[in-house]
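A.B. asks: For reference, the structure I am asking about is given below.
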Amino acid sequence: MLTGRVKSCRNNQALGRKDTSGRAHFHKRPRAPSADPSTAFASSLQRFIASESDMGAKILVLCSPTSPELNVLQQLPPGSEVVGVGRSLAELALSESQLADVDILAISGVGANAAKKADVQEVWPMLKGLKWIYSSSAGLENLLFPELIESPVLLTNAKGVYSNSLAEYALTACNWFAKDLPRLQRAKAARNWDPYEVEELRGKTMGVVGYGDIGQSCARLARAFKMHVVGLRRRAELSEKEKREGLVDAMYTPNQLTELMSRSDYVVMSTPYTPQTEKLVNAAATAQKTNAVFITKYKTAEG
């Protein structure tokens, strides 16, 4: 339930937040395709190198040398050179001149293989010729630091890469409660096959807080389950394309959050993590509904 007894289902591994502070030199090109991160990693590098340089590029990759997506580096354009792979200066074992010649810093890896902000900050002062940072994450709030924000270095993320998988996760979470899957697991363990009543998603309402790329993917899958969809974003007006697609029954603005909450049976939180969205869904909002499910793609804020 929402309020103090909220049913909460969250994905702490995949982030879909794509905004930065006003001062960051953040660009949305080249946009990664809706594919797996490895494919996006390679295709984004290919397109950037093709558009920015005729001579290839020197690339430094920050992630564990055992990270599985590194095999995509074999797909890079001719003339491109990966000068090192690692998460620290000690692991990279490169000279000052080698680091100064780096054109592209690619930040990749998942979980234990991922590079962290501290790893980027360690190498940052040595990257004198850096032109571009590519992050294979959709969210950037855990990467930004003052020197990067104030620099002219191009920064791109993996927008769109995780939208389909997160939408599938959101609908799985809806079914987790609708079909009472924990009960099914307990019954399986007890070898008890007695039938029990379940709830349909058909006819229920999904509220999407943050109707961006991830939110729209959630709406499309929800419609496939014959659910109603209401959304929330800064702009309530629908584009002509959105009207033709007909995914949402209503669009709200942030000051109408309580209306969306009161109307929804399932609420998906898919906003970027910014000062404006932190604690957006608070106790006052969740108090509007006492029997709904709240789904978030990252850790919920305290309070």
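The values are calculated or read from the model by the stated rules, or taken from the named source; none is laboratory data. Everything numeric here is computed off the predicted structure, so don't read it as measured data. Cβ sites come from the backbone with ideal geometry, for glycine too, and all protein chains shown count toward neighbours.
A.B. asks: Would you kindly identify the helices (runs of 4 or more DSSP H) lying entirely within the range 155-264 that contain at least 3 residues that are among the small types (Gly, Ala, Ser) and farther than 30 Å from Ala106 by Cβ?
C.D. replies: On the way: elements: 163-178, 181-190, 213-224, 240-245, 257-263.
It comes to 181-190, 213-224.
Residues are listed down the side, and each one gets a yes or a no for (1) hydrophobic (A, V, I, L, M, F, W, C); (2) more than 20 Å from Ala219 (Cβ to Cβ); (3) surrounded by fewer than 20 Cβ atoms within 10 Å (Cβ to Cβ); (4) not assigned by TED's automatic domain parsing to the domain that holds Ser95:
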site: Ala115; (1), (2), (3), (4): yes, yes, no, no
site: Ala118; (1), (2), (3), (4): yes, yes, yes, no
site: Ser136; (1), (2), (3), (4): no, yes, no, no
site: Ile149; (1), (2), (3), (4): yes, yes, yes, no
site: Glu168; (1), (2), (3), (4): no, no, yes, yes
site: Thr172; (1), (2), (3), (4): no, no, yes, yes
site: Asn175; (1), (2), (3), (4): no, no, yes, yes
site: Asp180; (1), (2), (3), (4): no, yes, yes, yes
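A.B. asks: Next up: Just checking, which of Asp265, Asp249 is touching a His at 6+ places or on another chain (Cβ under 8 Å) and either more than 23 Å from Gly160 (Cβ to Cβ) or not aliphatic (A, V, I, L, M) (or both)?
C.D. replies: Asp249
A.B. asks: As an exercise: evaluate Ala100 against (1) in contact (Cβ under 8 Å) with a residue 12 or more places away in the chain; (2) at positive phi and give the number of the one condition it does not meet.
C.D. replies: Ala100 satisfies every listed condition except (2).
A.B. asks: Determine, yes or no, whether Ala189 is at pLDDT 90 or above, aliphatic (A, V, I, L, M), out of contact with any Phe, Trp or Tyr (no Cβ under 9 Å at 6 or more places or on another chain) and not assigned by TED's automatic domain parsing to the domain that holds Ser67.
C.D. replies: Working: at pLDDT 90 or above: yes; aliphatic (A, V, I, L, M): yes; out of contact with any Phe, Trp or Tyr (no Cβ under 9 Å at 6 or more places or on another chain): yes; not assigned by TED's automatic domain parsing to the domain that holds Ser67: yes.
Yes: the conditions hold for Ala189.
A.B. asks: Can you say whether Met206 is of a type in the set (A, V, I, L, M, F, W, C), within 24 Å of Gly56 (Cβ to Cβ) and in contact with a helix residue (DSSP H, G or I) (Cβ under 6 Å, 6 or more places away or on another chain), as far as the supplied structure shows?
C.D. replies: Judged against the criteria, Met206 is not a match.
A.B. asks: State yes or no: is Gly203 at positive phi and touching a residue at least 60 places away in the same chain (Cβ under 8 Å)?
C.D. replies: No; evaluated as a whole, the condition is false for this residue.
A.B. asks: Taking the range 143-174 as the search range and keeping residues that are within 19 Å of Leu247 (Cα to Cα) and touching a residue at least 60 places away in the same chain (Cβ under 8 Å), which one is farthest from the chain's Cα centre (by Cα)?
C.D. replies: Once the filter is applied, the top-ranked residue is Cys174.
A.B. asks: While we're here: Which residues, counting only those in the range 159-180, are at pLDDT below 90 and either closer than 30 Å to Ser95 by Cα or hydroxyl-bearing (Ser, Thr, Tyr) (or both)?
C.D. replies: Result: Tyr162, Ser163, Ser165.
A.B. asks: Restricting attention to the range 270-280, does a residue exist that is touching a residue at least 40 places away in the same chain (Cβ under 8 Å), more than 21 Å from the chain's Cα centre (by Cα), surrounded by 16 or more Cβ atoms within 10 Å (Cβ to Cβ) and under 25 Å from Ser165 (Cα atoms)?
C.D. replies: No; the residues of the range 270-280 include none that is touching a residue at least 40 places away in the same chain (Cβ under 8 Å), more than 21 Å from the chain's Cα centre (by Cα), surrounded by 16 or more Cβ atoms within 10 Å (Cβ to Cβ) and under 25 Å from Ser165 (Cα atoms).
A.B. asks: In the range 139-154, how many residues are assigned to a loop (DSSP other than H, G, I, E, B) and farther than 25 Å from Val268 by Cα?
C.D. replies: The number of residues fulfilling the criteria is 5.
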